[in-house]
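Laboratory data are not the source of any read-out in this text; all were calculated from the coordinates shown. Not measured: the values here are computed from a predicted model. Here the Cβ is made from the backbone with ideal geometry for all residues, glycine too, and neighbour counts use every protein chain on show.
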Ligand code: FAD
C-alpha cells in the first residue's frame with residue numbers, strides 16, 4: 001500500500017511539515033426558511049477557513065434543481081467562496097441538462113460535480129438512463145468540457161466500489177472513462193477505514209489515473225440516521241465505530257464530541273500519510289468540521305498553523 005504522497009510523486013516529508021491540507025465543504029440545498037438560516041450560519045462560520053471550494057448537492061432525480069441553483073447563486077453573490085454545483089443525469093434529457101449547465105455558466109459557475117445519479121426507483125434498483133439523456137456520467141463530463149472548457153469537472157470515486165459494480169476493475173474503468181472525458185478531480189464516497197482508501201488509491205494509480213482523489217469525510221452527527229444512509233450507499237460501517245456510539249442515542253452532546261473525535265482521528269491519520277486534500281460532508285452544520293479543520297492547523301482568515 002502506498003501513501004497518497006508516494007502515489008502522487010509529489011513533495012517529500014519535509015515540505016509536508018510546513019504544508020497545510022486543503023479543505024472543501026459539501027452542503028445540501030435547504031428545504032425551509034429555517035434550514036436556509038441554519039445553512040447560512042454554517043457558511044458564514046466556515047467561509048473564513050478559505051476552503052478550496054464549496055459544493056452543493058443536487059436532489060435525487062433532479063428534485064432540487066432550482067434550490068441547488070438558488071443556493072449556488074447566493075454563494076456567488078454574497079461570498080468569496082468558489083461554488084461547485086452538483087448535477088446528475090437522472091430523469092432529464094440532454095437538452096434539459098445542457099440548459100442547467102448553461103444557466104450555471106451564465107451566473108459565473110466554473111466548477112461542476114458531474115454525476116450519473118441514483119435510479120428514480122431508489123438505490124438498489126436497476127438504473128435506466130433517460131432515453132434522450134446522457135447515458136453515462138462520462139458522457140456528461142465530456143459534454144461539459146467540450147462546451148465549456150473553462151469549467152472544472154469533479155466526479156465521484158468509490159473506495160469500496162459502487163454497489164452496482166461487479167468488481168473493482170469495472171468500477172475503475174468508469175472512473176478512467178470520466179477522467180479521459182476531462183474530469184480533473186474525484187471525491188470519494190464516505191468511508192471509515194483508511195486502509196480501504198489507500199488500497200483504492202493503489203488500484204487507481206496503477207491504472208495510470210493521476211487526478212487528486214479527495215477523501216470524503218463525514219462526521220457522524222447523528223450516528224443512527226447516518227449509518228442507514230451510508231450503508232445503503234455501499235459504505236461499510238465498522239463494528240468499532242458503532243461501538244463508539246453505543247448508548248448515546250439520547251445524548252446528543254456526547255455524540256457530537258465522539259463524532260468530532262472519530263473524524264478528526266481519521267483525518268489526522270490520512271494527513272500523516274500524505275493526503276493533502278479533504279472534502280467534508282458537512283450536513284449543513286459547521287461546528288464539527290470547524291473543530292476538525294482547527295485540529296489540522298487551519299485557522300480563520302489565514303492565521304494558519306502547521307499541523
Ligand atoms: P458513475 O460515476 O457513472 O458510476 C459510479 C460507479 O457505478 C461506477 O464506477 C460503476 O462501478 C457503477 N456503475 C455505474 N453505472 C453502472 C451500470 N450501468 N452497471 C454497473 N455498474 C455501474 N447523488 C445525487 O443524487 N446528488 C448528488 O448531488 C450526489 N453527489 C454525490 C457526490 C459524491 C462525491 C458521491 C461519491 C456521490 C454522490 N451522489 C449524488 C450519489 C451518486 O449519484 C450515486 O452513487 C449514483 O449511484 C452513481 O452516480 P455516479 O456519478 O457516481 O456514477
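Taking neighbour counts of Cβ atoms within 10 Å as a proxy for exposure, in what order, fewest first, do 71, 136 appear?
Details: 71 24, 136 15.
Listing 71, 136 from fewest to most nearby Cβ atoms yields 136, 71.
Taken along the Cα-to-beta-carbon direction at a fixed 7 Å, the label points for residue 128 and residue 94 span 2.1 nm. Look at the alpha carbon pairs under 8 Å that are at least 6 residues apart: their mean separation over the length of the stretch 13-302 gives a relative contact order of 22 percent. Per the Debye calculation on the stretch 80-128 with a single equal scatterer at every Cα and no solvent contribution, log₁₀ I(q)/I(0) for q = 0.13, 0.14, 0.30 Å⁻¹ amounts to -0.37, -0.42, -1.13.
With the Kirkwood sum run over all distinct C-alpha pairs, the chain has a hydrodynamic radius of 19.9 Å.
Taken over the alpha carbons of the stretch 169-307 as equal point scatterers, the Debye sum produces base-10 log I(q)/I(0) values at 0.22 Å⁻¹ of -1.40. With contacts taken as Cα pairs under 8 Å at a separation of at least 6 residues, the stretch 101-158 carries a relative contact order of 46 percent. Computed from Cα atoms alone, the Kirkwood hydrodynamic radius reported for the stretch 62-155 is 13.6 Å.
Extension gain for residue 146-residue 207 works out to 19.5 nm (0.36 nm per residue, less the C-alpha to C-alpha distance).
With 10 angstrom as the radius, rank 294, 221 by how many other C-beta atoms surround their C-beta, starting from the fewest. Please list the in-between numbers first.
Working: 294 15, 221 18.
By the 10 Å Cβ count, ascending: 294, 221.
Relative to the present Cα-Cα distance, how much length would full extension add between residue 44 and residue 103 at 0.36 nm per residue of separation? Provide the component values of the computation, followed by the final result.
Details: separation 59, 0.36 × 59 = 21.24 nm, distance 2.52 nm.
Residue separation times 0.36 nm, minus the Cα-Cα distance, leaves 18.7 nm.
Approximating the spin labels as points 7 Å out from Cα along Cα→Cβ, the residue 294-to-residue 76 distance works out to 3.4 nm. Taking 7 Å steps out from each Cα toward its Cβ at residue 303 and residue 254 produces label points 3.4 nm apart. Ordered by the number of other Cβ atoms lying within 10 Å of each residue's own Cβ, fewest first, 68, 254 fall into the sequence 254, 68.
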